[in-house]
């Protein structure tokens, strides 16, 4: 599901969609002449060396236009695996000269019924959809058609694209603004060339899914390391970092008399509060442990020890304030109490575990100090002093 099914009132940047990438090819770099056969050769050859899926669709669209197809817009719609997003749409517009990749949040799926959702009808139902927009009896049964009509569109064609997930893994749409729309021959060409899209889309989508999953479970610094090949057990490196260990006070007692669904909801909000603060100050969460977490602020990301320590300190203050402000019916008038312990030292950062079940984490004496330090109630003035001493 994506913006193809929605009206502009449902598309809210940051709330239901997020712009992830924009490509704007200079006019001098746009192909001037091409052919359907030439595009087919390009798709199974040079196109596979393009590292960005957005850039690949951008060039694909300009090549189709250079081959004489009367295109106003081309869009590709794919599903993904991501804790926040259900899929992505890559949209090329001839009149703006831009191609944009937007990520679609999970909340969007429930907003549009199947009958008026072209993405679901094509990707799940396997339909081919065509709507002539310049005829007296034009059918405007999808919200996007009204918007396309306002921009001068005359014809809309949506096709299923086969791939690794089945015969309708993806959806591609072609929109014309030529009076009379697409000819039958042009539609045949578009269907033929679309069958080759899986060569490009499978490659880029699988890469994005691998990145999404690794970053979601390992973090934005650790995930790419594993994807790049750092996967052997025992491999690691010594790094200097400020270590963060935190947990909630009295949470075991709370979980004894609160439903599990409510406990999960509270923990999610607690972890969100900490994750935002840690990420904003260039730290990375390594793992969640019950109601606590372990994070690092690698010295390599900062301008010296003092900078790393003060960022970790600022993150701790922000997280404590945010967690204290968490409200839930199960808590009544009480506020959540959290302890954060910080320590600076050198750790081994790498793969540890069983032969076929690994964890990419940190080990060493420095890791144990903040963990054991959680037993003490660090107050703000103690944290500040510890950061300054650690930075000395």
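For segment 245-272, residues that are at pLDDT 90 or above and under 13 Å from residue 292 (Cβ atoms) total 7. Please go through segment 31-61 and give me each residue that is assigned to a helix (DSSP H, G or I), in contact (Cβ under 8 Å) with a residue 24 or more places away in the chain and farther than 20 Å from residue 88 by Cβ, ordered by number. 36, 38, 39, 40, listed by residue number.
I'd like the residue in segment 169-196 that is touching a strand residue (DSSP E or B) at 6+ places or on another chain (Cβ under 9 Å) and in a helix (DSSP H, G or I) and, out of all such residues, is surrounded by the fewest Cβ atoms within 10 Å (Cβ to Cβ). Within segment 169-196, the match that is surrounded by the fewest Cβ atoms within 10 Å (Cβ to Cβ) is 191. Of the residues making up segment 197-222, those that are farther than 17 Å from residue 84 by Cβ and not in a helix (DSSP H, G or I) number 1. Can you find even one residue in segment 83-102 that is assigned to a helix (DSSP H, G or I) and either more than 23 Å from residue 168 (Cα to Cα) or modelled with pLDDT of 95 or more (or both)? Scanning segment 83-102 turns up no residue that is assigned to a helix (DSSP H, G or I) and either more than 23 Å from residue 168 (Cα to Cα) or modelled with pLDDT of 95 or more (or both). State whether the residues of segment 248-263 include one that is in contact with a strand residue (DSSP E or B) (Cβ under 8 Å, 6 or more places away or on another chain) and buried (at least 17 other Cβ atoms within 10 Å of the Cβ). Taking every residue of segment 248-263 in turn, at least one turns out to be in contact with a strand residue (DSSP E or B) (Cβ under 8 Å, 6 or more places away or on another chain) and buried (at least 17 other Cβ atoms within 10 Å of the Cβ).
Of all the numbered requirements in (1) more than 16 Å from residue 158 (Cα to Cα); (2) at pLDDT below 95; (3) buried (at least 18 other Cβ atoms within 10 Å of the Cβ), residue 60 misses one, and that requirement is (2).
Scanning segment 143-157 for residues that are closer than 19 Å to residue 194 by Cβ and either free of Cβ contacts under 8 Å to residues at least 12 places away in the same chain or not in a helix (DSSP H, G or I) (or both) gives 153, 155, 156, 157.
The values are calculated or read from the model by the stated rules, or taken from the named source; none is laboratory data. All figures in this text were calculated on a predicted structure; none of them were measured in a lab. Heads up, the Cβs are rebuilt from the backbone with ideal geometry, glycines too, and the neighbour counts pull from every protein chain shown.
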